[in-house]
Amino acid sequence: MRVILLGPPGVGKGTQGLLLCEHLGIPHIATGDLLRFAVKWKTEIGKKAQSYMEAGELVPDDVVLELLKTRLSQPDAKNGFVLDGFPRTIPQADALAASLSEIGHHVDAVVSLEVPDDVVVQRLSSRASCPTCGRTYAMKDFAPSQCPSDGTTLFQRDDDKPDVIRKRLDVFRDQTAPLRRYYEERGLLLKIDGVGGVDEVQERLVKAVENR
Ligand code: AMP
C-alpha cells in the first residue's frame, strides 16, 4: 500500500506514520529526516538544503525529488510505503504520480491529519526529537534525555523555535494545503481528526486506511 500523510508540521505525522508502518509492515519515508541526515553528513544535497531548512522554507523541488527517488528505489519500498512530509507542493505531487506510474503503481490513499493551529504550535515548541529514529516526545508530559527506543540523545530541532514555527505554518498554508484539494479531486483524500491521544488517533488512521 502507498500512503501519504498530509498535514502541518506538528500534527503528528511522524508519530502516527511510524505506528502505521509497523502495523502495515512497510517503511516510513520522511523527507525531513532524509534531509536532516544529508545536512548532518554534509552531502551535496545537504549543502543545498541547509539554508532553506534553517529558515523554515521549502527545499527546492528538484533537490527533494532526487533524494526521494533514490529512497523509493530501495528494495524495502517496492511493496509500499508511508510518505511523511512529501509531497509538499503540487509539482512534487505530479512528479510522484509520474514516477509511480512509470513502474505501474499509484498512490492508494492520502490521509489529511487535521488539528487546530494553536495545538500544533504548542506541540512543536515543546517537542524533543531523536536524530536516529525520528521519534518525537512531548517535553511537557515526559522529558527523557535519551530516546527510550534506541538510547540516542534527544535534541530540540533548530526549526522548532517560535519564529521558524510560524514561518513553517505559513509555508504549509500557502504551498502544501492546496494538496488537500488536489487529492480530493482525485478521490484519494481521507480526513482524520488528529486531536486526541496517540492510540486514539492511530485507531482512526488505521480504520480510515483499511476501509478506504
Ligand atoms: P519536516 O521534518 O517534514 O518538518 O521537514 C523539515 C524541513 O525539511 C522543512 O521545513 C523543509 O525545509 C524541508 N523539507 C522536508 N520535506 C520537504 C519537501 N517535501 N519539500 C521541500 N522541503 C522539504
Inset, instruction - Might you let me know whether segment 14-33 holds any residue that is touching a Pro at 6+ places or on another chain (Cβ under 9 Å), over 28 Å from Glu203 (Cβ atoms) and either within 11 Å of the ligand (Cβ to nearest atom) or at pLDDT below 95 (or both)? - result: no
Legend entry - Any chance Val59 is β-branched (Val, Ile, Thr) and assigned to a helix (DSSP H, G or I): no
Inset, instruction - Considering (1) touching a residue at least 24 places away in the same chain (Cβ under 8 Å); (2) touching a Leu at 6+ places or on another chain (Cβ under 8 Å); (3) more than 9 Å from the ligand (Cβ to nearest atom); (4) more than 27 Å from Val209 (Cβ to Cβ), say which one Asp117 fails and leave the rest. - result: (4)
Inset, instruction - Filter the strands (runs of 3 or more DSSP E) completely within segment 122-212 down to those with at least 2 residues that are at pLDDT 95 or above and either surrounded by 15 or more Cβ atoms within 10 Å (Cβ to Cβ) or among the small types (Gly, Ala, Ser) (or both). - result: 189-193
Inset, instruction - Within segment 40-51, count every residue that is part of a helix (DSSP H, G or I) and either at pLDDT below 95 or more than 17 Å from the chain's Cα centre (by Cα) (or both). - result: 8
Inset, instruction - State whether one or more residues within segment 2-10 are of a type outside the set (A, V, I, L, M, F, W, C) and over 15 Å from the mean Cα position of the chain (by Cα). - result: no
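The values are calculated or read from the model by the stated rules, or taken from the named source; none is laboratory data. Only a predicted model underlies this, so the values are computations on that prediction, with no experimental measurement involved. When we count neighbours, we look across all protein chains shown, and the Cβ atoms used for this are built from the backbone with ideal geometry, even at glycine.
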